[in-house]
Structure formats: structure tokens, C-alpha cells
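Peer 1: Got a structure for you, questions after.
A short reminder: the numbers here are calculations on the coordinates, not readings from a lab. Keep in mind the model is a prediction, meaning the values are calculated, not measured. With ideal geometry, Cβ positions are generated from the backbone for all residues, glycine too; neighbour counts draw on all protein chains shown.
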Amino acid sequence: MASQLSNGLQAENAERPGGVSIDDLPKTNNFTTKLPPDPAFETPESSHNAPREALGPRIVKDALYTYVRPEPQHKPELLGVSSRAMKDIGLRKGEEQTQGFKDMVAGNKIFWSKENGGIYPWAQCYGAINALGIPTTRALALTLLPNVSVRREKIEPGAIVARFAESWLRIGTFDILRARGDRNLTRKLATYIAEDVFPGWESLPAALKFSEDGPPASIDDPPRGIPEKAIQGEEGAEQNRFARLYREIVRRNAKTVAAWQAYGFMNGVLNTDNTSIFGLSLDYGPFAFMDNFDPNYTPNHDDQLLRYSYKNQPSVIWWNLVRLGESFGELIGSGDKVDDDIFVAKGITEEFAPILIKRAETVIDNTSNEYRAVFLNEYKRLMTARLGLKTQKDSDFEKLFSDLLDTLEALELDFNHFFRKLSGFGLSDVESDEKRKEVASKFFHDEGVGGVGNSEESARERLAKWLSAWKDRIIEDWGGGSDAERQTAMKAVNPKFLPRSWILDEVIQRVERQGDRDMLDRVMHMALHPFQEEWGRNKEEEERFCGDVPQFKRMTMCSCSS
């Protein structure tokens, strides 16, 4: 679930009746109540009264957080507020105009965690990702800090993005615990995730049995409600509650990365610290939406090995999940002994170690099959919808999905523009080979056909061949009647607008250097309503932002600190 960052969208505010003030919003402190603080500063008061130098970088052990007083900000300027985000968390219309709200999102009033940085483009991307239905963290507000500068590749004005999410815990949270061999905190944190982040142990997925024919029929919706202490699975691969917790985290991330692939989104830095235990898109830095389809594209100019490229996102997320499996290894591998007093107090005995290690490895290996199956099923579901199909056929993956991606790559065509343009064609537009070749040119860039060795004629022929296969499947699913229902369904899942890198660069330049605050509002409004045909703000600007990406602004790259 992502952010919606808008500069006081009046129409959306009008849709938000009721709600409460920021002071009356229900608050909890489960994380700080149930998990251990920095032993040097166990209360906010002790941290507040400590010399600032005592709170600087240092090694903190036996803790999962530390209290730090935010620096007061002088004359912060509220640049944008997401009315949809305010509605989702229950804030009333107009609350964003109160001093209490402005103080909170600027860090001058303690309430939530904030993100400190520059006027980041990802402040707008949260809203776009959420509008596409992709799980993500959210942004509530963007505040300029006129008296603060931050060092990136250059000195930039500082800003705060006030964010919220179901959880900010990451796979990386467990890394330091594993490195230190901190069994106690690993168990505490895993238990907290199951009981407080998720709805409880019984909400986790039951064990699934894979066969030589593939995953079970219940792969997408496994049974739940398994008692906390229950042990499931075959001998040597028994699953206790921590194995079920691990699988839930794996399944959530599989679905999220499938959505990234289906919509051409790249995070840019997918280390374990940027991988959510809740399966959220997390920490936007050098992110991008795909322009020309290129599976090797990475938006991170420091990613010379393409570790975080589009094609590698599913595998690198799995790599991160294996690291989580290693952190959970002792808990997973212990099977039915996970609650034995001796095991809890002292850990693994020498004679039990081989059994535990083998079981943990087996569970993680089996879970890789589940990750792959959940990912593929979600990817197929989304791609099926994007192509306007009602049903899935095994042959679609090769004949439609793979062939289309190969064609887009070979002809250097725009990934998301292709789907939106396809949404507007009727069956009569592609009923003959001649018409299909004519329609094919609609997908070309303004400068013509791209790719090595492609002529306009060969490009038309290749696209026409794919359009023929697509037409046959559309007729198979919808019949040969009216196109209107299918076109409406396709446009509801194929965005006309996405906050691409070149657009965000322009927003940053105009807001930062020219003081054009209204542009921030207009672009966020488009990002929050990506499927509309028009937005009624600035027609010329809207058409330009939804049109062909300027040739020399495609596939740009930026730094991790962008």
C-alpha cells in the first residue's frame, strides 16, 4: 500500500467526510512495549536528557531500537499532503491545515517515524505504486526544510517525508542478530511479527504438498487456522509455527515482486534492508518504471553487475529470503523441539545439530518451490488482465507473454505504453493482416522503429503476427461482439500515466528552482489516478507526460542517494 502525496487536492478532500484530528487518532506502542530498547537509554526521557554526542553512532546490543529526539526544524514548509492517505488512516478533512499536523509531519511534534532526505522523487512514487494496487509503504506528507541542506551527489535542500506502513521491519533487521548469534532476540522478534504484525499464529498458511506434477490446487489460497503448536509435514521436513511464518513472508514477497515485473517497476536497491517482512515495496531510491522494455535495465548507476536489474529482481528477492531462512534456521529446523526448555535456554546440542540443519535446509528448499509457484501465478494473473483476457491457458505464457516481451525488447518499444495503446483497439482494427500491420505503427516511437537490424516493414510484420495471436485469444474469451466491456476492463489495469524518471526530474527542477508548487499537485493528482483518460488540470502538460518519452530521457539512471 503506497503513499498518496498531494498538495491539498480539493476534490479528493470533498470525498472524505468525518474522520478525527491528529490528536484523537488511535495510537499504539506495541513495538516499543513488547521489544527491548537500547539499554543505555531505556526511556524517551533518558534519551531526551542525554548529551547529543552520547546518542551518536555506536554499537548497540541486546536491543531492537533506541530512542532519539528529533532535531527541531525552523520554519518548515508543508509542500504536499495526501488526502487519500489521510482518509485511509482516518484523519478528518482540513486537519492538514492545523499547526499540530504541520508540526507532526515536520518532526517538531513526536508521533511517527519520518524519513529525512531531499525533495525525493519517490515521494510521488508511493502514490503511484499504491494506485496500481501493488503492496507498498505509504507517504502522508512532504515538508521542505528551508534551513537544512543534505549531501547527495550535490548539496540539495532538505525535506521530510512522513510515511506509514503496516510494519517497517525488514529482512535486514534479522541480519545483525544472525551475525551475533543472538538467539533470544531472533525468537522474540519473530514471535512479535507473527503475533503483532500478522493477525496471529493461526493466520499463517498450512503446509502444502508439492508433487512431480507441480504445486497443489490450493497454492494461491492455502488453508489457514493451524493451531500455534501444531507440527505439519512429512518426516524430515516437518513445519512448526516458525516455518509457517517464514512461508508467509516468502509468499507476500513473491506476490509483490510479481507485480513489479508485470508493471515494469524497479526498486533499484534490493538488499535485505530494503526487503519487507510484510511484502511491501520499501525505501524508494534509484527506482524507475520501465521505458523501452529491456530486461537488463537497472535504474541504479552504481549497479554495474546488474544485480538489481529488472530481470534479476525475482531472484535477488529470493536470495534475500534465503538469508531470512538462515536467520530463522534454528527455529525452523528445531521442529517439534522448538519449545523444549533446554533448546530455548541453551540452543542446539551436538547430536541434534545435523538433524536440525538438514530439516531447515529442506524446509527452505521446499519453500523455494512455493515462492516460484506463487510468483508465477500472480504474474500470469496480472499479465492476463493487462492483455484483456478472461481466462488463462498454459500456452499463453509462451505464445503471448514471452513472445510479446521478446518483440518489445527487439523493437525497443515502450513497455507500459504498449498495454495502454492495446487497450484502445477493437477487434475490427486487427481483423486482417493488412489492418494489423497498420495498427503496428501506433506502437512505434515518434522517431520510428528501434532496435538493431529492424526495418519498418519487418517491425510491422512481427507485431502483426503477435496481434493475430492476441486477437484469436480475445475472440476465444470474449466472442466477436462489442469491444467496449473488454476495453474498459483493460484500461482499468493499464495505466495511462506513470511517474517516470524524466517527469520526476522535471518536477524536482521546477519545484526546487522555480518554486512551482502547483506542478507538484498536478503530477500527484495524475499519479493517484493513473487509469484516467484526462485529469482536467493542464491538458498540454498531461498529454506531454503521457506521450512518447523523449528519446534522450529514456532509461535514465541515478544514484542510491537520489
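Peer 1: For the chain, list the DSSP H helices whose alpha carbon atoms reach 27 Å or more along the long axis and whose average Kyte-Doolittle value is -1.0 or above?
Peer 2: Those that clear 27 Å and a mean of -1.0 are 241-263, 353-386.
Peer 1: Quick one: pull the percentage of alpha-carbon pairs in the chain with a separation above 41 Å.
Peer 2: I get 29 percent for the Cα pairs in the chain exceeding 41 Å.
Peer 1: To continue, here is another question. With a 10 Å Cβ neighbour count serving as the proxy for reagent exposure, in which order, fewest first, do 153, 506 appear?
Peer 2: 153, 506
Peer 1: Now for a separate question. How high is the relative contact order of the chain? Use alpha-carbon pairs under 8 Å, at least six apart in sequence, and give a whole percent. It would help to have the intermediate numbers written out before the result.
Peer 2: On the way: 940 pairs, mean separation 87.4, N = 562.
About 16 percent, as a whole number.
Peer 1: Report the equivalent ellipsoid semi-axes for the range 172-383 in whole Å, largest first, defined as the square roots of five times the eigenvalues of the gyration tensor built from alpha carbon atoms. Could you put the intermediate results ahead of the total?
Peer 2: Details: eigenvalues 192, 80, 43 Å².
So the equivalent ellipsoid measures 31, 20, 15 Å along its semi-axes.
Peer 1: Based on the alpha-carbon gyration tensor of the range 347-421, what equivalent-ellipsoid semi-axes (square roots of 5 times the eigenvalues) come out, in whole Å, largest first?
Peer 2: Here the semi-axes work out to 42, 14, 10 Å.
Peer 1: Can you tell which of 305, 292, 315 lies farthest toward the positive end of the dipole of the range 280-323, using +1 and -1 charges on the Cβ of basic and acidic side chains (Lys, Arg; Asp, Glu)?
Peer 2: 315
Peer 1: Taking the Cα centre of the chain as origin, work out the dipole magnitude from +1 charges on Lys and Arg Cβ and -1 charges on Asp and Glu Cβ, in debye rounded to 20.
Peer 2: Values: 73 positive and 87 negative charges, 207 e Å.
Dipole size: approximately 1000 debye.
Peer 1: Here is a further query. Obtain the nm distance between the two label points defined at residue 485 and residue 25 by a simple spin-label model: each point lies 7 Å from its Cα along the Cα-to-C-beta direction.
Peer 2: Result: 4.2 nm between the two label points.
Peer 1: What fraction of the DSSP beta bridges in the chain is antiparallel, stated in percent and rounded to the nearest 5?
Peer 2: 85
Peer 1: Give, rounded to the nearest 20 debye, the magnitude of the charge dipole that the range 193-269 has about its Cα centre when Lys and Arg contribute +1 at Cβ and Asp and Glu contribute -1 at Cβ.
Peer 2: Roughly 240 debye for the range 193-269.
Peer 1: Relative contact order of the range 10-164: what whole-number percent is it, with Cα pairs under 8 angstrom and at least 6 residues apart?
Peer 2: It rounds to 25 percent for the range 10-164.
Peer 1: List the pairs from 442/471; 209/311; 255/380; 442/496; 27/109 whose alpha-carbon separation is above 19 Å, in the order I gave them.
Peer 2: Over 19 Å apart, Cα to Cα: 209/311.
Peer 1: I would also like to ask the following. Any idea what the relative contact order of the range 387-491 is, in percent, if you count C-alpha pairs under 8 Å spaced at least 6 apart? Can you show the working numbers first?
Peer 2: Values: 97 pairs, mean separation 43.8, N = 105.
That works out to 42 percent.
Peer 1: Right, another one. Considering only DSSP states other than H, G, I, E and B, which trypsin sites (Lys or Arg not before Pro) in the range 359-414 qualify as loop sites with at most 16 other Cβ atoms within 10 Å?
Peer 2: Passing both the DSSP loop test and the Cβ count: 390, 393.
Peer 1: Still on this structure, please answer the following. Using a Förster radius of 51 Å, what is the FRET efficiency between residue 399 and residue 75 based on their Cβ-Cβ separation? Nearest 0.05, please. Can you show the working numbers first?
Peer 2: Numbers: r = 60 Å, r/R0 = 1.18.
Calculated transfer efficiency: 0.25.
Peer 1: Can you sort 322, 161 from fewest to most other Cβ atoms within 10 Å of each residue's own Cβ? It would help to have the intermediate numbers written out before the result.
Peer 2: Working: 322 17, 161 25.
Lowest count first: 322, 161.
Peer 1: A further question on this structure: Test of understanding: ordering 525, 74, 445 by Cβ neighbours within 10 Å, fewest first, what list do you get?
Peer 2: 74, 445, 525
Peer 1: Next question. Based on Cβ point charges of +1 for Lys and Arg and -1 for Asp and Glu, what charge dipole magnitude is obtained for the range 172-383 about its Cα centre, in debye rounded to the nearest 20?
Peer 2: Charge dipole of the range 172-383: 220 debye, to the nearest 20.
Peer 1: Placing +1 on the Cβ of each Lys and Arg and -1 on the Cβ of each Asp and Glu in the chain, which of 231, 83, 132 has its Cα farthest towards the positive end of the resulting dipole?
Peer 2: It is 83, whose Cα lies furthest towards the positive end.
Peer 1: Of 415, 388, 455, which is farthest on the positive side of the dipole of the range 387-491, counting Cα position, with +1 on Lys and Arg Cβ, -1 on Asp and Glu Cβ, and the Cα centre as origin?
Peer 2: Checking the options against the dipole of the range 387-491, the answer is 388.
Peer 1: Please give, to one decimal in nm, the separation of the simple spin-label points placed at residue 368 and residue 510, each 7 Å out from Cα toward the Cβ.
Peer 2: Output for this residue pair reads 4.9 nm.
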